[in-house]
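Have a look at the structure below before the remarks.
The values are calculated or read from the model by the stated rules, or taken from the named source; none is laboratory data. Predicted, not measured: the structure shown is a model, and the values here were computed from it. Neighbour counts run over all protein chains shown; Cβ positions are idealised from the backbone, glycine included. Ligands, DNA and RNA are excluded from the accessible area calculation, which covers all protein heavy atoms including side chains. Shrake-Rupley method; radii C 1.70, N 1.55, O 1.52, S 1.80 Å.
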Amino acid sequence: MEGFDTLDLNLDITSWGPLKATKNRDVLIDGAFAASNNDNIKGLCEVFLRGKKEDKAAEEAAVSFQVVEVKQQATKRITAQKKFQGQKNNYNRYQNKNWMEKNKGNRQTGKKQKMFENKRNIQNTLYRKEMKAKAKALKTLSCPIDSEWTQVGEMQCHSFNGLPKFKPGEPEVYARAGKIAEYRYDIDGLLSARPLKFTSFKDIPENKLSTQDITLDEIAIECIDTCKGTKIIASDIALATLMNISKAYYSWDLKVEKVDDMIFITKREKEEKEDFVWIDLEHVGENSITPPPAAIDDPKPALQLNTAMNLMKEGTKVLHSTQAIAINPESIEEFDHPHPSQEDEDQQDLPLHGYTYMKWPFGENRTLITRGQLHSFESISAGGDSEAKIKYTNIYAMNQWKFNKAEWKKVDVDKTAVLGGELTDNSNRVSKWALQSLFAGADNMKIMFVKRQKLSNASKHQILGTSTLSVNKFMNFISFKYEEAWSNVKYIVDYFEEKENGEYLLLRDPMKNLIKVFDVSQNDGEGEDDEEGEDADEGEGDENTGDDEKDQQDGEDE
């Protein structure tokens, strides 16, 4: 070959080959092109290097294709996962939409969510039971409405909630009547393991009307001469009923009599067919979520004892029985005025009750006279040679009417917890106790916890313990709204000041939650007028018959 002899590659001939050429391509190319300009050698080198570049480019292309394919597969897989998770989240949001809205910021899942659902189901069940119990509650009128009565007005019970507050002046103890016995101190040490068993009264004792009170009549006559403006005379139970209008759910009735500038507020007289007056009964379970039913379908006698009316009668008998048991009849304090029910000086069958008569300034040109009942007194030693102080005490009984309540098991340990549990079910009843003690001028209240000896016998009971509270502390304990309660009485007084003289009846209708006002004096007036007319006619008839007899005698003589 031409010019091949002069080519000096400076390479070993044994090292010639693709591998060696690849490793030494730079040297080969540089040496070949530097040593000679032979076209054949140049072509050979260019062909070799071009093939090597194509192989490298193909290898790089294959690698880049694999990377792209892996990325695409990963992207598809991630997209599918996101899509599935999005569908799952949408499903969960759709299922829990209402729950999530109610519980924003407090999302519960799993076990907590199940607990929440169970609690909600329990609340719904209790609500349904509450509605059923209220539908079966006692809604009977306290007295039948006579067809001859005339309804002259009505008052919505909820309208008493927005009245302006009113507070009367400080009361003055005007007089005390009757006699009371000392409290038995050993009853304070009773426990559920050592109870005091007793048999309650068979009949409900009669409570005399305030209008039949001789002492109250004397005070009213004195007040006519000394007091100016309107005079209001009311009993403790009548005022307590009016002051708790918003807490009452059962029916009640009161008698209001207006004579010129005097207004008498008292309970209605008991009729011959009635064994008791509703306002004298202890309203048991009146404010409970599940009040006692008015009737029970089961004819078993043991279950019939737990109807609303039977529980009210039982509670009233238990109250009067405990008041008679908890006093010592040998230690008696007698007041200046005689007992209101005393007819003869030698009468001995009088109850050991005292009565306190108070005079309250009731606004401008108004005077309120109240009568409250006292039950007993306590002698508290002051120490040393000083005389013992006497504190008046009223006695009340809280009888168990829900026999599955767990609070009553703690009566020895925590009586306040038992009393607090009963307050929610008997707030109207307990508020009346506090007001009656206030009008009686009592210093303390004794509340006894009474339970049946056997669930099937409502006549035999046992006292498990007592709780002693001052009247003011007890009113704070039950959160009694003093000024709002007095505003109810003021509204009633304002209402009847504008009425004409006569007798009226306030009747609460539990079905419509309103108080109806009836005028019951028109019938009595018509009856009296008719009797007077008949007497006059009879007198005239007698005179005519006398004249006729005289004429006959004259004729015979002639």
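Scan segment 456-466 and give yes if some residue there is in contact with a strand residue (DSSP E or B) (Cβ under 8 Å, 6 or more places away or on another chain), more than 27 Å from Asn310 (Cα to Cα) and open to solvent by less than 30 Å² (accessible area, probe 1.4 Å), otherwise no. There is no residue in segment 456-466 that is in contact with a strand residue (DSSP E or B) (Cβ under 8 Å, 6 or more places away or on another chain), more than 27 Å from Asn310 (Cα to Cα) and open to solvent by less than 30 Å² (accessible area, probe 1.4 Å). Of Asp203, Asp236, Asp260, all but one fail to be within 30 Å of Ser467 (Cβ to Cβ), surrounded by fewer than 18 Cβ atoms within 10 Å (Cβ to Cβ) and among the acidic types (Asp, Glu); the exception is Asp203. The residues listed here are Asn394, Asn365; of these, the one that is of a type outside the set (D, E, K, R) and modelled with pLDDT of 95 or more is Asn394. The listed residues are Pro301, Pro292, and the only one of them that is over 29 Å from the mean Cα position of the chain (by Cα) and either over 21 Å from Met448 (Cα atoms) or hydrophobic (A, V, I, L, M, F, W, C) (or both) turns out to be Pro301. For segment 358-444, the strands (runs of 3 or more DSSP E) that sit wholly inside it and include 3 or more residues that are surrounded by 19 or more Cβ atoms within 10 Å (Cβ to Cβ) are 366-374, 389-399. Among the residues making up segment 287-329, those that are β-branched (Val, Ile, Thr) and surrounded by fewer than 20 Cβ atoms within 10 Å (Cβ to Cβ) are Ile289, Thr290, Ile296, Thr307, Ile325.
Residues of segment 387-446 that are of a type in the set (Phe, Trp, Tyr) and within 23 Å of Ser200 (Cβ to Cβ): Tyr396, Trp401, Phe403, Trp408, Trp433. If only residues of segment 143-159 that are open to solvent by 80 Å² or more (accessible area, probe 1.4 Å) and without any contact (Cβ under 8 Å) to a residue 12 or more places away in the chain are counted, the one that is farthest from the chain's Cα centre (by Cα) is Ser147.
Here Glu526, Glu540 are screened, and the one residue that is at pLDDT below 50 and surrounded by 11 or more Cβ atoms within 10 Å (Cβ to Cβ) is Glu526. Given the condition among the acidic types (Asp, Glu) and open to solvent by 30 Å² or more (accessible area, probe 1.4 Å), answer yes or no: does some residue in segment 207-215 qualify? Scanning segment 207-215, I find no residue that is among the acidic types (Asp, Glu) and open to solvent by 30 Å² or more (accessible area, probe 1.4 Å), so the answer is no.
For segment 495-518, filtered to residues that are assigned to a helix (DSSP H, G or I) and closer than 26 Å to Leu141 by Cα, the residue that is farthest from the chain's Cα centre (by Cα) is Phe496.
Of all residues in segment 386-418, those being touching a helix residue (DSSP H, G or I) at 6+ places or on another chain (Cβ under 8 Å) and either under 25 Å from Gly372 (Cα atoms) or of a type in the set (Asp, Glu) (or both) number 8. Any residue in segment 72-92 that is aliphatic (A, V, I, L, M), surrounded by fewer than 12 Cβ atoms within 10 Å (Cβ to Cβ) and modelled with pLDDT of 80 or more? No, because not a single residue in segment 72-92 is aliphatic (A, V, I, L, M), surrounded by fewer than 12 Cβ atoms within 10 Å (Cβ to Cβ) and modelled with pLDDT of 80 or more. Gly354: of a type in the set (Gly, Ala, Ser) and either open to solvent by less than 10 Å² (accessible area, probe 1.4 Å) or at pLDDT 90 or above (or both), yes or no? Taking the combined requirement at face value, the residue satisfies it.
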